[in-house]
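The values are calculated or read from the model by the stated rules, or taken from the named source; none is laboratory data. Computed from a predicted model, the values in this text were never measured in an experiment. Positions of Cβ are generated from backbone atoms using ideal geometry, with glycine treated the same way; all protein chains shown enter the neighbour counts. Each accessible area value is taken on the protein alone, full model and side chains, heavy atoms only, with ligands, DNA and RNA left out. Shrake-Rupley method; radii C 1.70, N 1.55, O 1.52, S 1.80 Å.
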Amino acid sequence: MSTATSPESKTSNDPLRLIDVDYVQFYVGNAKQSAYFYAQAFGFEIEQVSDLTTGVRESATYLLTQGNIRFLLTTGLTSDHEAQQEIQLYGDGIKDIAFTVDDSVAAYEQALKNGAESAYEPIECSDELGTVVRSAIKSFGRVRHTFISRTGKYSLDNVKNRGQQFLPDFKVLDDLAINQYNRDNPTGLFYVDHCVGNVQMGKMDHWVGWYEEVLGFKLFKHFDDKDISTEYSALMSKVMDSGRELIKIPINEPAKGKFKSQIEEYLDWHNGTPGIQHLALLTKDEINTVGQLRRRGVDFLRIPDAYYDSVWDRVGEIKEDTELVKDLRLLVDRDDKGYLLQIFTKPLQDRPTLFFEIICRRGSESFGKGNFKALFESLEIEQRNRGNL
Ligand code: FE2
């Protein structure tokens, strides 16, 4: 790896040292209404906005925050805005996983040298608070990764404090009643544990290689169709790891089964284009978090009673109350390092595309391999209900 090109970048010799997940950007049909959905259902604070009232004429974007999770929800206000065009093709979904870096220009140039294709060239925005530089590369399908570097009051450490302006053209909203409710009734989501992409059959290894070559990720785990298959449908998955405990990006492709793979269903309803299938949001207290989310009306995949007949033999003792685990329909799995609890929402929009996982790790570094069968049988019931199996 060559050294950083900017003299300001003294903290690292690697221009692609990813410091944090700066934000996850969604393109949605109506950002104002989506903001209320994610706030009400998942406990996010609606903190800031960039729209006509801040001088932005072509789009409206809301900043939602919780723990170290930052969502940008963007809708286009003009028919030629990229968000409007993509919503026609894909419906609501995730466009961008943005990484904070020391120097956006150096990161972008290094990524292009490593073989990436540009999504947009560096754009610098400065005002009295500081400077933000953004650039982006194209990843699988409609997904891109923005590299963002921040100075002055726009540093990530500063904007993590409530009330500090996130980006130029944003303003802090007057505190909304929903925010006070969420502070009084926290759902306890902390950060994005992993972010899963769906690609076409035969393309998984291509994108695994891309993450290795372009961003320096390492292969963390590999699941083949024997691990992830039911009687009817199958998929394969390789988990890419950014290192430094920042983020893992599993990449799925469909495998041949008796019926349609859930990955094919996703692609069918995503204009045949790869994209983000799910975000896993980490909590330190699965019981409290999922209890809160259920009271708020979040719709989760239904796990049958039979799952709980055998799970404790497989997993052994856990510190949570096993009756509560069953009542909340949580999935449990163990690997050699510990156990995890997890649960999956139904799709978050009308299309069977993006969903969330709520995960709590008690030592386990895995992804719930022991739950794949129960999970996919449950998913197939949903797929059948949608007429897509
Ligand atoms: Fe997951």
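Per-structure values
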| item | result |
| --- | --- |
| Per-pair calculated FRET efficiency, R0 = 22 Å: Asp305 and Asp227 via Cβ, rounded to 0.05 | 0.35 |
| Shape category assigned to the stretch 7-184 from the gyration tensor of Cα positions, a/c cut at 1.5 | oblate |
| Net lengthening on full extension, Asp80/Glu124 (0.36 nm per residue, minus Cα-Cα) | 13.6 nm |
| Label-point gap, in nm, between Ile381 and Lys369 - each point 7 angstrom along Cα→Cβ | 2.6 nm |
| Gain on full stretching of the segment that runs from Asp327 to Val172 - 0.36 nm per residue minus C-alpha separation | 51.9 nm |
| Label point 7 Å beyond Cα of Phe37 along Cβ direction - residues of the stretch 168-186 with amide nitrogen under 19 Å | 178-179 |
| Carbon plus sulfur fraction of accessible area for the stretch 158-256, probe 1.4 Å, in percent | 47 percent |
| Accessible area expressed per residue, the chain, with surrounding protein chains retained (probe 1.4 Å, Å²) | 43 Å² |
| Label zone at Lys138, where the point sits 7 Å out along the Cα-to-Cβ direction: the stretch 61-95 residues whose backbone N lies under 16 Å | 82-83, 86, 95 |
| Distance in nm between pseudo-label sites at Thr53 and Asp205 (7 Å out along the Cβ direction from Cα) | 5.4 nm |
| Label-point gap, in nm, between Lys113 and Lys337 - each point 7 angstrom along Cα→Cβ | 3.2 nm |
| Virtual paramagnetic centre 7 Å along Cα→Cβ of Asp350, amide N under 18 Å, in the stretch 89-127 | 89-94 |
| Difference of contour (0.36 nm per residue) and Cα-Cα distance, Gln88 to Arg314 | 76.9 nm |
| Global geometry of the stretch 112-265, whether rounded, prolate or oblate, following the gyration tensor of its Cα atoms and the 1.5 cut on a/c | oblate |
| Anisotropy class of the stretch 7-80 from Cα gyration tensor, a/c 1.5 cut | oblate |
| Angle in degrees between helix 286-295 and the longest Cα principal axis of the chain, rounded to the nearest 10 | 90 degrees |
